[in-house]
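Engineer: My structure is below; once you've seen it, I'll send some questions.
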């Protein structure tokens, strides 16, 4: 009886996500209809709806594919990677291009790889590349930036470069005591379908919630920040790049959806928006928390700053060349 009650008290992840989206959609419009005087709220709602409606299908697709991989692809597949970091790190980085998943999924997957003997630099390269260069992310980027086809190539190159460089840096300077070997969350005790359900439920709840928050913040920036401020910031390349880099860390938008948020920041230059797209999937508030819980605080406090610097530099250089 208590088990049944416990199940009834745990609403499905989709209920939480759709409830948050519905509240965000209805709230501003209800106020607008009642007051009839707020053009800003109408604009906010329009931008928010556009971001969520465009991004949510890609988010669901990414979560489902991530669940399939987590449930049915054994870690032994990745254990065949070469051991030497010079080869293992790029190979693991490229593996992320064919294995869709969001940031929330990449951390436990990388933890499982480390627990099963994959070299730490290779696992970290996979952790960074999988949510940044997988097919779902690249397709969503192409859809979000139809007038800038080079954005897809630039995102792929800068993100893969970030993953490989960070992996090599960890191989050179990392210490065993900085990283705690995690225990696998689901292990082999769950059947494939049950692991799939749990993974999808977990990732959709977390990623969908962050999508709602990210879309709301993007809409707020477009409405609340005076155009003159955006023009002033956008006119200073270094400042605009740092602003969007920090914003990517704070917003913590899922990588399957962040391209639509970046596309809505029309006042910023393309290179700054590329930095937003490269930084977000590899270092943000939720990732720092997840990495701290999985690998330990000593790891997160060293890993996150290094990744942030490498991602900003890689995206800035790539954007200058390709955009």
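None of the figures in this text is laboratory data; all of them are computed from the coordinates on show. Only a predicted model underlies this, so the values are computations on that prediction, with no experimental measurement involved. Don't worry about glycine lacking a Cβ; one is built from the backbone with ideal geometry, like all the others, and counts go over all protein chains shown.
Engineer: Using 1/(1 + (r/R0)^6) with R0 = 25 angstrom and r between the beta carbons of residue 98 and residue 231, what's the FRET efficiency to the nearest 0.05?
Structural biologist: Result of the calculation: an efficiency of 0.05.
Engineer: Return 172, 197 ranked ascending by Cβ neighbour count within 10 Å, so the fewest neighbours appear first.
Structural biologist: Lowest to highest Cβ neighbour count: 172, 197.
Engineer: A further question on this structure: Tell me, 137, 120 in order of fewest to most beta-carbon neighbours within 10 Å?
Structural biologist: Lowest to highest Cβ neighbour count: 120, 137.
Engineer: Considering just Cα atoms, how many Å³ per residue does the convex hull of segment 253-323 enclose?
Structural biologist: In segment 253-323, the Cα convex hull volume per residue is 80 Å³.
Engineer: If you don't mind, there's one more thing I want to ask. List 239, 313, 118 from most exposed to least, where exposure is judged by having the fewest other Cβ atoms within 10 Å.
Structural biologist: Sorted ascending by nearby Cβ count, the order is 239, 313, 118.
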